[in-house]
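**Student:** Questions regarding the structure given below will be posed in turn.
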Amino acid sequence: MNIKPLLLSGTIATTLLLGACNNMDEKKDDMKDETKSESKMDHKAMDHEKVMKEGKFKGENKEKVEGTAMIKNNKLMLKDYSSSKGPDLHVYLTKDGDIKNGKKIDEVAYDKSEQTFDLKGVNVKDYNTVTIYCDKAHVTFGSAALK
């Protein structure tokens, strides 16, 4: 007499338990998918960090600029750098030296051989030249084509 309710409640409990286990498997699959997409995003970020471009400076407009410009790990590094003295020198990332459409990075010291600038938030793939520009005189002192 009491067997029917016992079997019914046992069947219901088993069904709920198995259903819960199945939902856990689906959640695990969702978590795996999320982890895969996060991994892809991390990989893209790492690719962005691995971007390495380098070029040698050449003076322009009768001005001197020497040294090497390198972009690596979201940083612009100037090595063995020197330039003519200017009143308002800045370093820009440009496409073929076009200052108007370039990205002003920061002020640059004409007499400091090693300088590093953060490029956080800058898509370096949009630019192919590092340009030293005097904002006050509106003169390009030199540039380095990045390869």
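The values are calculated or read from the model by the stated rules, or taken from the named source; none is laboratory data. In this text the structure is predicted, and so the values were computed from the model without any measurement. Don't worry about glycine lacking a Cβ; one is built from the backbone with ideal geometry, like all the others, and counts go over all protein chains shown. With ligands, DNA and RNA removed, areas are computed over all heavy atoms of the protein, side chains included. Shrake-Rupley method; radii C 1.70, N 1.55, O 1.52, S 1.80 Å.
**Student:** Put a dot 7 Å past each Cα toward the Cβ at residue 68 and residue 126; how far apart are the dots in nm?
**Tutor:** Calculated label separation equals 2.8 nm.
**Student:** Go ahead and collect, in residue order, the members of the stretch 64-98 whose backbone nitrogen is under 11 Å from a label point 7 Å along the Cα-Cβ direction of residue 52.
**Tutor:** Once the point is set 7 Å along Cα→Cβ of residue 52, 71-73 turn out to lie under 11 Å by backbone N, inside the stretch 64-98.
**Student:** Still on this model: Do the alpha carbons of any pairs in 125/147; 72/125; 53/100; 53/125 sit beyond 18 Å of each other, and which pairs? Before the final figure, lay out the partial values.
**Tutor:** On the way: 125/147 11 Å; 72/125 12 Å; 53/100 22 Å; 53/125 10 Å.
Over 18 Å apart, Cα to Cα: 53/100.
**Student:** What's the extension gain from residue 118 to residue 77 if we count 0.36 nm per residue and subtract their Cα-Cα distance? Kindly include the intermediate steps, with their values, before the conclusion.
**Tutor:** Values: separation 41, 0.36 × 41 = 14.76 nm, distance 0.89 nm.
Taking 0.36 nm per residue and subtracting the Cα distance, the gain is 13.9 nm.
**Student:** With every protein chain kept in the model, how would you rank 77, 52 by accessible area, 1.4 Å probe, largest at the top?
**Tutor:** On the way: 77 35, 52 100 Å².
Reading off the accessible areas and sorting them downward yields 52, 77.
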